[in-house]
Amino acid sequence: MLNQRVSILVPFKNTSNYLSACLDSILEQSYTNWELVIVDDHSTDQSFKIVENYAKKDPRVKLLKNKGIGIISALQTAYKNSVGKFITRMDSDDIMQKNKIEFMVNDLSQNGQGFIALGLVKYFCDTGVKEGYKRYEKWLNDLISKGTSFNEIYKECVIPSPCWMVYRSDFEKANGFDSNVYPEDYDLAFRFYEIGLRCIPTKNILHMWRDYPVRTSRTSPNYAENSFLELKIHYFLRLSYDSLKTLVLWGAGKKGKKLAGLLKSAEIPFVWICDNPKKIGKRIYDHPLESWEKLSDLTTDSQSIITVANENSQKTIETYFNSLQKKPMMDYFFFC
C-alpha cells in the first residue's frame, strides 16, 4: 500500500511567477510514486511553457489544456486523466513541504478508507500576511490538529483546498469534481462531510499557502461572501435542518440579513432574534426582530443559526446553549 500511486491534480492560469517553486517542491517530494496531472486554464503568460519544460524532463508530469473554462472544468479534466489510488489537489502558486505526500499516504494507509488526510498550513506573502489570514490559519490548524474540522464546517471552509488527500473510492463516493458549484473547495468539503469521512489529526505543517493581491480567491466573484452564505444554507437545509423544530436565526448584521433573505426565499419559517436593543422590535424584510430572550420559550424544540461574529459574544452564546444542554452541530450552528 505504501507504494501506491498518488494523483496530484493542479489547475493553473497565469501563475508564471510562482510555478517553478511549486513544481520544484513536487519533484523534491520524499514519496516518489506520484503523477502530476496539471491543466492549463487558458493562460496568457509564460505558464504553459514553464510546465512544458518540466513535462519534457519528467514523465510523471502530465500537461493538459482545459477545453472548458474555469477552475472546476480544469479540475474535472485533471481527474479524468488521473489513475492514482490516492487523490490530492495542489495550487500552482503554493509550495509543498518535502514530506507532504509521504505523511498523507502513511496516514491514509494506517486508517483505511473513510478517512481524509490533512496537514497544517502556513500562509506566506512577500508583503506580509494580513491579520485575517493569520486568524484563519490558527483556527484551521487548531481544528486539523484535533481531527475535529467538520465540527465547525458552517463557519468557514474547514478543509484547506490544496492540502488534503483521500482514497479514489471515497473521492468518487463524494462525486469528486462533478459539482459545478462555487466556491468549489467549500462545496467539496461539505460533500466529504456528507458521506461521513473522518479527519485524521496531525501536528505536521505540510503546506505553504501563498497570498498575493491578484490571487483568485481574492478577485473572483465566485468566492464572494454571498456565495459562501448561499452554500452554507443550502447544505444546512440538506444535512442538518430539522423541519419539526423551530428554526431560530440569531443576529441581524450583514450576514444575518443575507441569511434571513435566503430563508425567506426558500420559504423556511424562522424566528429572528438579536441582542441589539436598537433593532429589537423592528421589521426587516417584513419580518419581526425579537429579543434573544425569546429563546427561553423555544429551547425544548428549536435549532439555532448564529451569525454573531464577535468571538467573545460567541463564547457567551456557546456557554448559554451548553447550560441548556444543547449540542453543537445538532441544536445550534455557528455560521461565522
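Of (1) 1.06; (2) 0.96; (3) 1.01, which one was derived for Rg/Rh (Cα atoms, Kirkwood Rh) from the structure shown?
(3)
Taking the 0 to 90 degree range and rounding to the nearest ten, how far is the long axis of helix 184-194 tilted relative to the main principal axis of the chain, both from C-alpha atoms?
Roughly 70 degrees between the two axes.
Just want the answer: with Cβ charges of +1 for Lys and Arg and -1 for Asp and Glu, which residue in LEU108, THR316, LEU19 is farthest toward the dipole's positive end in the chain?
Final value for the positive-end residue is LEU19.
Plugging the Kirkwood radius over Cα pairs into Stokes-Einstein for the stretch 124-174, at a temperature of 4 °C and a viscosity of 1.567 mPa s, what D comes out in µm²/s?
This corresponds to a translational diffusion coefficient of 102 µm²/s.
Using the charge dipole of the chain (Lys, Arg: +1 at Cβ; Asp, Glu: -1 at Cβ; taken about the Cα centre), state which of SER47, TYR235, LEU289 has its Cα farthest towards the positive end.
SER47
Once R0 is set to 51 Å, what does the formula 1/(1 + (r/R0)^6) return for the Cβ-Cβ distance between ASP297 and SER169, expressed as a FRET efficiency to the nearest 0.05?
Taking R0 as 51 Å, the efficiency between ASP297 and SER169 is 0.60.
How large is Rg/Rh for the stretch 181-336, to two decimals, with Cα atoms and a Kirkwood Rh?
Rounded to two decimals, Rg over Rh is 1.00.
Taking the inverse of the average 1/r across all pairs of different Cα atoms in the stretch 54-197, what Kirkwood radius in Å do you get?
The answer is 16.4 Å.
Taking 25 Å as R0, compute the FRET efficiency from the Cβ-Cβ separation of LYS57 and SER30 and round it to 0.05.
The value I calculate is 0.80.
Tell me which aspartates and glutamates have Cα within less than 20 Å of LYS315's Cα, excluding those fewer than 8 residues away on the same chain?
LYS315 reaches GLU137, ASP142, GLU152, GLU156, ASP275, GLU293, ASP331.
Nearest 20 debye, what's the magnitude of the dipole of the chain about its Cα centre given +1 on Lys and Arg Cβ and -1 on Asp and Glu Cβ? Could you put the intermediate results ahead of the total?
Numbers: 45 positive and 40 negative charges, 32 e Å.
It works out to roughly 160 debye.
Compute the relative contact order of the chain as a whole-number percentage, counting only Cα pairs closer than 8 Å that sit 6 or more residues apart in sequence.
15
Within 10 Å, count the other beta carbons around each residue, average over each peptide in 95-101, 307-313, 170-176, 128-134, and list them highest first.
Taking the mean over residues of other Cβ atoms within 10 Å, the ranking is 95-101, 170-176, 307-313, 128-134.
If one takes the longest principal axis of the Cα atoms in the chain, at what angle in degrees, from 0 to 90 and to the nearest 10, does the Cα axis of helix 131-146 lie?
80
Return the lysines within reach of LYS257: Cα separation strictly under 19 angstrom, same-chain partners fewer than 8 residues apart disregarded; answer none if there are no such residues.
Cα-Cα hits under 19 Å: LYS155, LYS232, LYS278, LYS279, LYS282, LYS294.
For the pair ASN310 and ASP242, what calculated FRET efficiency results from E = 1/(1 + (r/R0)^6), where r is the Cβ-Cβ distance and R0 = 25 Å, to the nearest 0.05?
Efficiency computed from Cβ-Cβ geometry: 0.40.
Quick one: angle between helix 47-57 and the longest Cα principal axis of the chain, in degrees between 0 and 90, rounded to 10, please.
50
May I ask you to order 323-329, 64-70, 20-26 by the average number of other C-beta atoms within 10 Å around their residues, highest value first?
Highest mean packing first, the order is 20-26, 64-70, 323-329.
Mind ordering 108-117, 156-165, 261-270 by average Cβ neighbours within 10 Å, highest first?
Answer by packing, highest mean first, reads 156-165, 108-117, 261-270.
Quote the charge dipole size of the stretch 19-61 about the Cα centre in Debye, to the nearest 20; the model charges only the Cβ of Lys and Arg (+1) and of Asp and Glu (-1).
It comes to approximately 160 debye.
FYI, it's all coordinate maths here, none of it is from the lab. Worth saying up front: this structure is predicted, and the values here are computed from it rather than measured. For neighbour counting, all protein chains shown are included, and Cβ atoms are generated from backbone atoms with ideal geometry for every residue, glycine included.
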